[in-house]
Amino acid sequence: MSAPICRDLKCFGDISAREQHMKHGVIGKLLGVAVEDKSVISLGPGEPDFSTPQPILNYGARLLASGRSTHYSPPSGRKELKEAIIQKLRRDNKIRARPENIIVTSGSQEALMMSLITTMDPHENIILPSPSYMGYEPAVEFLSGRVRQIPLRQENNFDLDVDLIKRAVNSKTRGIIFCNPSNPTGMIYPKKTLERLADVAVDKGLFIYSDEAYEKIVYDKKPCSFGSLNGMKDYSITLQSFSKSYAMCGFRLGYAVAPKRIAEAMSHVHVNTTISAPTISQMMGTYALKTSESHTFRMVREYDRRRRMIVKRLNGMGLKTLMPQGAFYAFSNISHLTKDSNKFAEQLLKKAKVAVIPGAEFGKYGEGFLRLSYATDYRKIETAMNKIERFVK
Ligand SMILES: Cc1ncc(COP(=O)(O)O)c(C=O)c1O
């Protein structure tokens, strides 16, 4: 694999060409300043401000004390967890799966990486809606794949343009990655759009990598899981996470649901990467899937309160912002103020002491926007809105 990379990419010193050619966004720098300077209000974070629900933590504490969680787990995941996932998939996602279809990973980010390692060869390409989650492009490029970005337009509710996707497919296209609900746009893709995409998947023989990390952070309607659509079992790789639904980011737990031959291949890869997802996290995840969802609903109710306030304030100051249907991000149009969202975010940080993520971080069609996370205390968001309002006046 290294030969074609070194032919294509110049590399300097002893850092790999792969790393040197990876896009390093400004997000690390911006969030670093936000952490160091206590006067900064950060609307940057992509994780719940809540901690893991207490009953799940208590269960974890009991597990630790018992010493039962100190060993490796099977590479594709623990039996009890897979059983709980199968029930959850049937109940919540209308997906029928068997243990052989599931691979439990260290977060859904690893599930995506495993999926790509298993299904994409170097120099093949993946279609990415743009803007989309900033973890996708590096994951593809680490593996010497290429991305083809297709625009999502605010005037079209950031919906997928299936005709454009169809036209972007070539002989080296392996599939399309998208998240539903979307980070950063907050939109849920209509079932009709997904059905049209299903036709393209069959027609062109594509994998659909459906990232459903925010499936439970939804407000007025529920997303449709791509893998539940008629005939899509063989074409879809569903990626799910415990990070957002159960505020378990630090426990690093997620999973992929894939056709049997793909999941088995992923499991072989897993033996040679992290071996297995952390055992204690898997045990806590099993418990989380079996306990009441009241904690998730409580978090969503609070996100909803913040969502309504932040969107009203942003639109009130002339930054066009659609009402998010899921996740916890407002995605605001600043194209009438600047052509450079990086510079705008830097100035906002310096002068107004508010940290946000520039839209360009989410792909070339994210330029002209800012992402503001409302996974932050309500009062702090209000203060940040006052500061942003003064800055844009
Ligand atoms: C859309 C999306 N997918 C995946 C992830 C990674 O989540 P995990 O903690 O499950 O690796 C994130 C994290 O912010 C995300 O926003």
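Do we have any residue at all in segment 363-386 that's over 23 Å from the mean Cα position of the chain (by Cα), among the aliphatic types (A, V, I, L, M), at pLDDT 95 or above and more than 16 Å from the ligand (Cβ to nearest atom)? Yes, there is a match, as at least one residue in segment 363-386 is over 23 Å from the mean Cα position of the chain (by Cα), among the aliphatic types (A, V, I, L, M), at pLDDT 95 or above and more than 16 Å from the ligand (Cβ to nearest atom).
Of the residues that make up segment 116-125, is at least one within 25 Å of Tyr219 (Cβ to Cβ) and either polar (S, T, N, Q) or not in a strand (DSSP E or B) (or both)? Looking for residues that are within 25 Å of Tyr219 (Cβ to Cβ) and either polar (S, T, N, Q) or not in a strand (DSSP E or B) (or both), one finds none in segment 116-125, hence no.
The rows are residues; the columns are (1) touching a residue at least 12 places away in the same chain (Cβ under 8 Å); (2) not in a helix (DSSP H, G or I).
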{"site": "Asp14", "(1), (2)": "no, yes"}
{"site": "Gly25", "(1), (2)": "yes, yes"}
{"site": "Pro45", "(1), (2)": "yes, yes"}
{"site": "Pro48", "(1), (2)": "yes, yes"}
{"site": "Ala61", "(1), (2)": "no, no"}
{"site": "Leu64", "(1), (2)": "yes, no"}
{"site": "Lys82", "(1), (2)": "yes, no"}
{"site": "Ile86", "(1), (2)": "yes, no"}
{"site": "Arg90", "(1), (2)": "no, no"}
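List every residue pair whose Cβ atoms lie under 9 Å apart, where the two residues are 6 or more positions apart in sequence or sit on different chains, the first residue falls within segment 181-205 and is more than 17 Å from Tyr235 (Cα to Cα) and surrounded by fewer than 16 Cβ atoms within 10 Å (Cβ to Cβ), and the second residue, located anywhere, is at pLDDT 95 or above and acidic (Asp, Glu). Note: pairs meeting the criteria are Pro190/Asp159. Do we have any residue at all in segment 148-159 that's within 13 Å of the ligand (Cβ to nearest atom), within 19 Å of the chain's Cα centre (by Cα) and outside any helix (DSSP H, G or I)? Checking segment 148-159: not a single residue is within 13 Å of the ligand (Cβ to nearest atom), within 19 Å of the chain's Cα centre (by Cα) and outside any helix (DSSP H, G or I).
Within segment 196-237, count every residue that is in a strand (DSSP E or B), of a type outside the set (Phe, Trp, Tyr) and within 12 Å of the ligand (Cβ to nearest atom). Break it down into steps so the answer makes sense when it comes.
The first filter runs over segment 196-237 and keeps only residues in a strand (DSSP E or B), leaving 207-211, 218, 236-237.
With the extra rule that they be of a type outside the set (Phe, Trp, Tyr), the set shrinks to 208, 210-211, 218, 236-237.
Still in the running and within 12 Å of the ligand (Cβ to nearest atom): 210-211.
The qualifying residues number 2.
Within segment 240-251, residues that are in the same structural domain as Phe226 (by TED's automatic domain parsing) and under 19 Å from Phe178 (Cβ atoms) have Cβ atoms under 7 Å from residues that are polar (S, T, N, Q) and near the ligand (Cβ under 9 Å from one of its atoms) in these pairs: Gln240/Ser108; Ser241/Ser108, counting only partners at least 6 apart in sequence or on another chain. Here Leu116 fits the description: within 16 Å of the ligand (Cβ to nearest atom), surrounded by 15 or more Cβ atoms within 10 Å (Cβ to Cβ) and not charged (D, E, K, R). Only one entry of Arg298, Arg261 meets the criterion of being in the same structural domain as Tyr133 (by TED's automatic domain parsing), basic (Lys, Arg), surrounded by fewer than 24 Cβ atoms within 10 Å (Cβ to Cβ) and more than 13 Å from the ligand (Cβ to nearest atom), and that entry is Arg261.
The values are calculated or read from the model by the stated rules, or taken from the named source; none is laboratory data. Because the structure is a prediction, the values reported are computed rather than measured. Using ideal geometry, Cβ is built from the backbone for each residue, glycine included, and neighbour counts are taken over all protein chains shown.
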